[in-house]
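One structure, pasted below without further comment.
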Amino acid sequence: MKFDTVIIGAGLAGITAAIRLAEEGKNVGLVSAGRSSMHFNSGALGLLGFDTDHHPVDDVPTALVSLLPDHPYSKLGDAYVTRAASDAADLLRRAGVRTVGSAVHNHTRISPLGILRPAWLTLDNIATLDSLKSLSESCVAIISLAGFLDFYPRFIASSLEKEGFRCEIITIDTPELKALRSSETEMRAANIARIMQGDTLLSFARAIREAVRTSEATALIIPAVVNFDGDGEALRLRKAVGRQLFYAPTMGVSVPGIAMHTRLLRYFLSLGGRLLNGHRVTSADFDGDKLSAVYTDKFDGDALRADNFVFAAGSFFGRGIVALPDAVIEPSLGLDTFAPSDTSQWHKPDLFDRQPIMKAGIAVDDRFRALRNGSPVTNLFAAGAALAGADSVREDSGAGVAMLTALYVADEILNNN
Amino acid sequence: MKELDRHYDVIVIGGGATGAGTARDCALRGLKVLLVERFDFTHGATGRNHGLLHSGARYAVTDSESARECIEENMILRRIAANCVEDTGGLFITLPEDDLDYQNTFVKSCLAAGIQAEAIDPDLARRLEPSVNPGLIGAVKVPDGSIDPFRLTMANVYDARIHGADILTYHEVTDFIRSGSRIEGVVMCDHRNSGHEVRATADVVVNAAGIWGHLLAEKAGVSVKMFPAKGALLVFGHRVNNVVINRCRKPANADILVPGDTVCVIGTTSDRVSFDEVDRMDVSPEEVDVLLREGIKLAPSLATTRILRAYAGVRPLVASDDDPSGRSISRGIVCLDHASRDGLEGFVTITGGKLMTYRLMAEWATDTVCRKLGRESAGCVTAELPLPGSEPIDAEASRSTAGEKAAVGRHGTLASRIPSAYASDRALVCECEEVSVGEVEYAVNNLNVDNLLNLRRRTRLGMGTCQGQLCVCRAAAILEKHDNCTDRHLNGIRQFVNERWKGMRPVAWGDNLAESQLTAWLYGNVAGLDSLDDSGEMN
Amino acid sequence: MDFQNENISRYNFEQCTKCTVCTVVCPVTPVNPRYPGPKQAGPDGERYRLKDSVFFDEAFKYCLNCKRCEVACPSDVRIGDIILAARIAHTKSRPSLRDTMLAETDLMGSLATICAPVVNTTLAMKPVKYIMDRTLGIDSHRRFPKYAGTKFVTWFRRNAESLQADYPRQVSYFHGCYVNYNYPDLGKAFVRLFNAVGVGVHLLDRERCCGVAKISNRLVKEATRDAKINLDAVRKAISGGSEAVLATSSTCCFTLRDEYPHMLGLDNADVRPSITLAVAYLARLIESGDIKLVFRDDYRRRIAYHTPCHMERMGYTQYSIGLLSSIPGVELIVLNPNCCGIAGTYGFKKENYQTSQAIGAPLFEQIERVRPDFVATDCETCKWQIEMSTLQRVYNPIEVLAEALDFDATRKANNLNI
C-alpha cells in the first residue's frame, strides 16, 4: 500500500502529525497498534508543568531555559516551542477540540483527586480553578452518581474548600444508572457516557435539577461521564439542567480523553486520511540511508511504502520501546535508543521521583530524524513519547512534547518535498 | 502519657502468626490478654514467606524433629484452618543432575517421621503437574499444601478478640516497666497518635516479635542470640502449577515453587544479614537471577511467565543456648522462661520455629504463661477448635459473582457477613483480585483496617496483575468516608503505590515497566499525587 | 542476568496492563449489564480460572466474539480468544439443538436449497416463526436469509468452470455457505470480475463451512473436522497452481486465517499468507500494476461503507475502502466504527435479540442519517442485520466493483482476448 507519509503510532503525536500533513493534502497512512494513552487524559494537556526541580511552572518560557540540552524542547528551541504551542491549540480547534489556556502562563487544573496542578490547555467545559474563581459566588455543588467508584467528590471538595469555596456534595441516581450498576465491573465513566444520550440524558438532567432545587450553589460540578464521541451531549445537558455546569475528570479511562481522540481521528479521516487500525509494525526495508517500506503483522507481505515516515509509537506503555533488564530496545525497526548507561540507577525507590529510565527513548539528530546504527535515517522522523530526553510523566510535558515535535516533523516533511 | 486502665494477665508482643496464635490460645484459656503490634498484623516475616503448608518432608533427612512437628501441625491446620489451607499436594522431583539414590533415603526418612511419602513414576508426576520439568527422573508425592499466612493470622486475631483479648496495632514497645528483677508491663509508642507514650501492665509479657525479639530481649536486659536470615522470593503473575514442586535433594536455594491463591511463588534464598538491615529488605538483581535460574529447573515455563514482584523476609534463626558463638543454629522452636534462664521474672520469649508450627509455638508459650500464673488447669484446645471462617462451608450456598466466589476463598464462612444485598455492595473495587465494595466495608468494620496497606493484607486488594493501578483510589475513598481523614488517605494512595513499586522495582522491565509507567502517569501526573510529599511511613 | 533478559511472558493474558481500554470499545457492556465485560471475562478472569473453574461465568455467552477489544488493546492481548476459549473449556451444558442447528450451516443449507421456495415461505410464516421462537429460542423478529434455488457451486460447474484454465492467473475461491446456499449472485460477480482482469477462478477440491458458527457455539470437534478438510483443500489448491485462496466474506477469511490456529490449535502458518480476502488480492495486484480496473463513466453512487468487526480485526478495512473510493463515480462515506450487533448466529438467539439490536442502533441511525444509495460491507451477517434494521440494501464491495466495472474496457486494459 502506498502513501506519501506513513505514521507509526496513533497517539497524540501520531494523530497531530497525520492531521498536519493531511491538511496539506498529503496521502497519509496512520498505523495504530491499539488505543493510546490519550484515553487516560483528564481533559487537560501539559506543556511544561514542572521544572527540573519539580517546582510547579507558572511562566513557561522562563522554565524552558533551564531544561537540559537533550530535552526535545531544547532541540526545538524556546521560540519554536512558544510559537508551535499556539499552532497546536489552533489545530485542536480545527478538529473540534475547544480548549482554554495559554502557552506562556499555565493555569490551574483540578485533578480527579482534587489536587491542583499547572496546565497548558484544558477542554473548555472542564472545571479549572481559574474558571471556578471567575464565578460570582464561591458556592459549588458537586454531583456524584450512586455506586460510581471512579469519581472522588470528597477529595475534590476538600481541595476546593482550602481555596475558599463552599462545597456541597449531592448524590443522584436514575433508573438507567441503576440498571448499569447491576454489573460489578462495568459502571465506569466510558460506559456511563455511552448510555448518556437521548432519554437517558434527559432523565439524568431531571435528576440533577431535582437534586439541586434547594441548593444555593450557582455552579455545578459533575463527573465527566457525558459526551462520549463529541456529538454535543454535554451542551444538551447544560441546557437541560439550566445552571452553570462544569465537568470534573474521573480516574481511569477518561471520557474527555476518548472524546478528544475521537474528534482528532474523525477530523483526520474527514481530510481523507487513512487509518490502519490494529496494525503493529514488525519490520522494515531500508535502502541506503532511507526507509523504503514497513511491514505490519496484518498484511502478510504487503508493504506500506511512503516517501517519509514518522515514528510515534510511544514509550514503554505504548510499546514503542521495550525495556529489558539491562537494555532498552526499539523492537520493530531496530532504531538506536538512548537509555542511562548505569542500569542500577534506572529506578528510584520513590516511583514519583525522577525515574532515570523514563528518559529513555529513540535517539534522533537535531532535525528529529531517527538514528539507526549511528546515522540518521533521512526520511524517518520521530515524535512524541518515543523520543529520548524528556521525563514527561514527571514534567507534565507529555502532550506538549507530543504535539510540538509532531508539528515540527510534519513541517520538516513538508519542507523536504 | 496514657496508662491503660486494665491490668492484664499477659501482654503478647508481636502481631505475626506466633503472637496472634499465642494471644488466641491465652484468651481461649481464660486469660486477660493484650496483643500489641508495632505496625500492622503480618507486617514481619509472617507476611513475607512462601505460604507453604510443609509436609515436613523438606526436613525429613536433616532434622527429623522439625519434620515430625511439621506433619503433625500440617494435619491439625487442615482441620482447624481449612479456609486458609489449600490441599494442593506436593512433589519432590529428582532431576538428571541430582543423585537419584537420595530419593530412597528421603522416602525412608519421611516415613520414619510419619510423613506419607510415595515414590511415583515420573510419567505420573508429569500428569499430576503438567508444568513440572519434563526431564525429571524421579518423583515423590508428599502431603504438601499451601497456606495463606495473612488469613491465618487474622483468623487468630479475630478469635482472640472474640474471646476477650484487647488488640493494639501501631503500638511499638519501646521499653519495659520493671520492678527489680521483674517485668511488670510495657511502655509503648503510639505511631498513630504522634508517638504518644502508652503504658500497660501485666503479670507476664510474652516476646513473640520474631527477629525483632532479639532487640526486645536486649531491652529487657536478657540475651537471646538470634541471627537474621534473609529469604528472597519471586511472585509470578498467575498459577503456573497447581501442585507444590520441590527438589529432592538437601535443602538449597530456590527449590520450592508454591501455588498460592492466584499466583505462584518461588523461593527462597538464605543469607545472613545484619540487624540494621532487617527493616529494609531489598531484593538484588543477583537474587532475582538465582531464583529464576533455579525456578526454571522446577517448572520451565517460569522462564516465560511474568514476574509480578520480588520480596524478602527475615527468619529468626536462634543459636542454641549452650553455644554462645551462635554457630549451632536451630530451626526448631525455642521457648524461654527468662525467670529460670536469666532470673528475670514475668518475661517469656517464644521464637525460632516456622509458620507451620506457629500453633505449637503458641501452645508452648501459653503453657509457660499458665504455669507461671498458676493457671495450669486450663488445657490447650487450639488443635481441635476450628478458627473463625474455617467451619465447613455450605456447598449449596449460591455465590454468583466473581467477587462473592473470591471472598469465600478469602474469608471462608465469614464471607456470609460481607454485605452483598445491593449492586453497589457487589461492585468490584479491585478487579484483578475480585475485591468488592462490600468486602472492603467488611474489612474496615471487622478486621482492624484503617489504611490501604492493612486493607491489602486482609483482602488481597492491589496484589494482582496491576498492583493497585485503579483499585487504590476507589478503596481510599471508601476508607475516607469512614474517618474523614482526607489528606491521610490521599497520601495513603501514594504510599500504597510506592509500597507496590518496592516489589516491582527489582523486576521492572517488559510488561512490568509498561505497567509502572502507566501507574506513575495515572497517579503521579493525571491525579497529581507526585506533588504531595511522601511523609510518614504508614506500614 | 541471562535469565532475566529471557523473561518475556508468553502467556498472552499476562501482557494486559489493566488499562481498561477494551471495555470502552466493547459493544455489549453498555447494553447488557449482565455481561462482565472483556477485561473481567478475559485476562482478569483467566487468572482465577487457572486456579478454579468455578470462576467461569455463564454470562460470558453474551460476548459477541467481535474482537473489537483485541483491536483496541495496546498490549496485543487476544481478549476475545481468551473469552471464547474459556466458554469452550468451561461451559458445562452441551450446545443446544438450536445452537447446533444455527451452527450447521452446511447441513441446513444443503437441505434447504433442495426445496428453497418451500423453506423460504415456511421460515417466513408467522406461526413457524412463533414456534421457532418458543421451542427453539430463535427470535421471531429475525428474518432468515432466503435460500437460493440453485447453489452457487452448481451454477459454477454448469456455466463457468470449463472456461477458467485459460486465464493467465489462477486463484481458488472459498465461497462460503452464504454464497453457496443463499446468495450465489455474489459468487457470480466474483467470477465475472476476476475473469475480467485475467484471473481464472477455481473451487476448492472440498469446501466445508469455515466453522465460525460452530466455534462460537462451542462445537469444537465438528469445527476442527471441517477446518482440517478446508486446510487440506487449501494446501492442495496452492500446490496445484492457485496463487491464493480468496474469500469474499471477511468472517470466513478471518476464521481460516486466525481462528483456526488460535481457537482450534491448527497450524496453518504454511498457507495463511495465501488465504486472503478478494479485495486484498485485487488491491495488491492493482498497486503492483499487474492488473487494472476500468470503471463505467455512468456509474454514480453514494455508498456508505460499514466495517465488519472481523474485517477490522484482520486489518483489511483499507483494502475495501481503497477500492471503493477508486471508482470515479463513487462518493464514499465511511461509517463510524460500530458493531452491527448480529455477530453471526448470536443475534438469532432469543436471549440476545434485544442486545443485538441495541448494539446496532447507533449504526442504523447513522445509516438512516447519511441516506446513501446503498451500504457496502464485506460480511454477510452484517448485511442481514443492516437490511433487517434499516431501509437500505447492502452489497459486498466485490459486487459493487463488478457492477461499476466497464467489462470490455477492463478486459482490454488487461490484454485479454478470451
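The values are calculated or read from the model by the stated rules, or taken from the named source; none is laboratory data. A quick note: this is a predicted structure, and the numbers were derived from the prediction, not measured. A quick note on method: Cβ atoms are made from the backbone with ideal geometry, for glycine too, and the neighbour counts reach across all protein chains shown. SASA here: full protein model, heavy atoms, side chains in, ligands and nucleic acids out. Shrake-Rupley method; radii C 1.70, N 1.55, O 1.52, S 1.80 Å.
Against the conditions (1) at pLDDT 95 or above; (2) over 30 Å from C:Arg393 (Cβ atoms); (3) part of a helix (DSSP H, G or I), where does C:Asp205 fall short? Just the number, please.
Of everything listed in (1) at pLDDT 95 or above; (2) over 30 Å from C:Arg393 (Cβ atoms); (3) part of a helix (DSSP H, G or I), C:Asp205 misses just condition (3).
Please work out if A:Thr378 is away from chain B (no Cβ under 14 Å), open to solvent by less than 10 Å² (accessible area, probe 1.4 Å) and among the hydroxyl-bearing types (Ser, Thr, Tyr).
For A:Thr378, the condition - away from chain B (no Cβ under 14 Å), open to solvent by less than 10 Å² (accessible area, probe 1.4 Å) and among the hydroxyl-bearing types (Ser, Thr, Tyr) - is not met.
Further question on the same structure: For the condition more than 10 Å from chain C (Cβ to nearest Cβ), closer than 30 Å to B:Val186 by Cα and open to solvent by less than 10 Å² (accessible area, probe 1.4 Å), what is the one hit in B:Gly213, B:Gly231?
Checking each option against the conditions leaves just B:Gly213.
Hey, another quick one. When segment B:26-69 is examined, which residues are found to be β-branched (Val, Ile, Thr) and open to solvent by less than 30 Å² (accessible area, probe 1.4 Å)?
Within segment B:26-69, B:Val33, B:Val36, B:Thr42, B:Thr46 meet the criteria.
Residue by residue, here is whether (1) within 12 Å of chain A (Cβ to nearest Cβ); (2) touching a Lys or Arg at 6+ places or on another chain (Cβ under 8 Å) holds:
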position: B:Glu433; (1), (2): no, yes
position: B:Leu447; (1), (2): no, yes
position: B:Cys466; (1), (2): yes, yes
position: B:Gly492; (1), (2): yes, no
position: B:Trp501; (1), (2): yes, no
position: B:Val507; (1), (2): yes, yes
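Give the number of residues within segment C:328-355 that are within 14 Å of another protein chain (Cβ to nearest Cβ), assigned to a loop (DSSP other than H, G, I, E, B), open to solvent by 20 Å² or more (accessible area, probe 1.4 Å) and in contact with a Leu (Cβ under 7 Å, 6 or more places away or on another chain).
Number of matching residues: 1.
Then there's this: Looking only at segment B:80-111, count how many residues are part of a helix (DSSP H, G or I) and loosely packed, with under 14 Cβ neighbours inside 10 Å.
Residues flagged as part of a helix (DSSP H, G or I) and loosely packed, with under 14 Cβ neighbours inside 10 Å within segment B:80-111 amount to 5.
Pairs needed: first member in segment B:419-448, closer than 16 Å to B:Met154 by Cα; second member anywhere, open to solvent by 20 Å² or more (accessible area, probe 1.4 Å) and in a strand (DSSP E or B); C-beta distance under 8 Å; at least 6 residues apart or different chains.
B:Asn448/B:Ile167
Quick test of your reading of the structure: C:Ala160 fulfils all but one of (1) touching a residue at least 40 places away in the same chain (Cβ under 8 Å); (2) surrounded by 21 or more Cβ atoms within 10 Å (Cβ to Cβ); (3) among the small types (Gly, Ala, Ser). Name the failing condition by number.
Exception for C:Ala160: condition (2).
Among (1) in a loop (DSSP other than H, G, I, E, B); (2) in contact (Cβ under 8 Å) with a residue 12 or more places away in the chain, which single condition is A:Ile7 missing?
Exception for A:Ile7: condition (1).
Restricting to segment B:281-309, and then to whatever is under 11 Å from B:Val265 (Cβ atoms) and either touching a Lys or Arg at 6+ places or on another chain (Cβ under 8 Å) or β-branched (Val, Ile, Thr) (or both), can you tell me which residue is nearest to the other protein chains (Cβ to nearest Cβ)?
It comes out as B:Ile307.
Assuming C:Pro261 fulfils every condition listed in (1) open to solvent by 10 Å² or more (accessible area, probe 1.4 Å); (2) not in a helix (DSSP H, G or I) apart from one, which condition is it?
Single failed check for C:Pro261: (2).
Please go through segment B:242-255 and pick out each residue that is surrounded by fewer than 22 Cβ atoms within 10 Å (Cβ to Cβ) and over 11 Å from B:Ile93 (Cβ atoms).
Scanning segment B:242-255 gives B:Asn242, B:Lys250, B:Pro251, B:Ala252, B:Asn253.
Of the residues that make up segment A:133-149, is at least one under 18 Å from A:Arg236 (Cα atoms), within 14 Å of chain C (Cβ to nearest Cβ) and in contact (Cβ under 8 Å) with a residue 60 or more places away in the chain?
No: segment A:133-149 contains no residue that is under 18 Å from A:Arg236 (Cα atoms), within 14 Å of chain C (Cβ to nearest Cβ) and in contact (Cβ under 8 Å) with a residue 60 or more places away in the chain.
Does B:Val198 qualify as being assigned to a strand (DSSP E or B), open to solvent by less than 30 Å² (accessible area, probe 1.4 Å) and not small (Gly, Ala, Ser)?
When the stated conditions are applied, B:Val198 passes them.
Find the helices (runs of 4 or more DSSP H) located wholly in segment C:18-97 whose residues include 1 or more that are more than 10 Å from chain A (Cβ to nearest Cβ) and open to solvent by 30 Å² or more (accessible area, probe 1.4 Å), and list them.
Result: C:45-51, C:79-90.
Quick one: would you say A:Ala313 is open to solvent by less than 30 Å² (accessible area, probe 1.4 Å), more than 12 Å from chain C (Cβ to nearest Cβ) and at pLDDT 95 or above?
Against the criterion (open to solvent by less than 30 Å² (accessible area, probe 1.4 Å), more than 12 Å from chain C (Cβ to nearest Cβ) and at pLDDT 95 or above), A:Ala313 does not qualify.
Ok, one more. Could you list, in sequence order, the residues of segment A:280-313 that are part of a loop (DSSP other than H, G, I, E, B) and under 21 Å from the mean Cα position of the chain (by Cα)?
A:Arg280, A:Ala312, A:Ala313
Continuing with the same structure: With the structure loaded, tell me whether C:Ser325 is of a type outside the set (Lys, Arg), buried (at least 22 other Cβ atoms within 10 Å of the Cβ) and touching a strand residue (DSSP E or B) at 6+ places or on another chain (Cβ under 9 Å) or whether it fails that test.
Spelling it out, it is not the case that C:Ser325 is of a type outside the set (Lys, Arg), buried (at least 22 other Cβ atoms within 10 Å of the Cβ) and touching a strand residue (DSSP E or B) at 6+ places or on another chain (Cβ under 9 Å).
Which one of these does B:Gly114 not meet: (1) surrounded by fewer than 20 Cβ atoms within 10 Å (Cβ to Cβ); (2) touching a Cys at 6+ places or on another chain (Cβ under 8 Å); (3) of a type outside the set (A, V, I, L, M, F, W, C)?
B:Gly114 satisfies every listed condition except (2).
Give the residue that is nearest to the other protein chains (Cβ to nearest Cβ), with candidates limited to residues of segment B:409-418 that are open to solvent by 30 Å² or more (accessible area, probe 1.4 Å) and either without any contact (Cβ under 8 Å) to a residue 60 or more places away in the chain or within 14 Å of B:Ile478 (Cα to Cα) (or both).
Restricting to residues being open to solvent by 30 Å² or more (accessible area, probe 1.4 Å) and either without any contact (Cβ under 8 Å) to a residue 60 or more places away in the chain or within 14 Å of B:Ile478 (Cα to Cα) (or both), the top hit is B:Ser416.
How many residues, within segment B:224-270, are of a type in the set (Val, Ile, Thr) and assigned to a strand (DSSP E or B)?
Of the residues in segment B:224-270, 8 are of a type in the set (Val, Ile, Thr) and assigned to a strand (DSSP E or B).
Yes or no: segment C:371-380 includes at least one residue that is more than 28 Å from C:Phe174 (Cβ to Cβ) and in a helix (DSSP H, G or I).
no
Say whether the condition of being under 26 Å from the mean Cα position of the chain (by Cα), modelled with pLDDT under 95, under 21 Å from B:Cys471 (Cα atoms) and acidic (Asp, Glu) is met by at least one residue in segment A:114-126.
No: zero hits.
Return yes or no: is A:His261 within 12 Å of chain C (Cβ to nearest Cβ) and outside any helix (DSSP H, G or I)?
no
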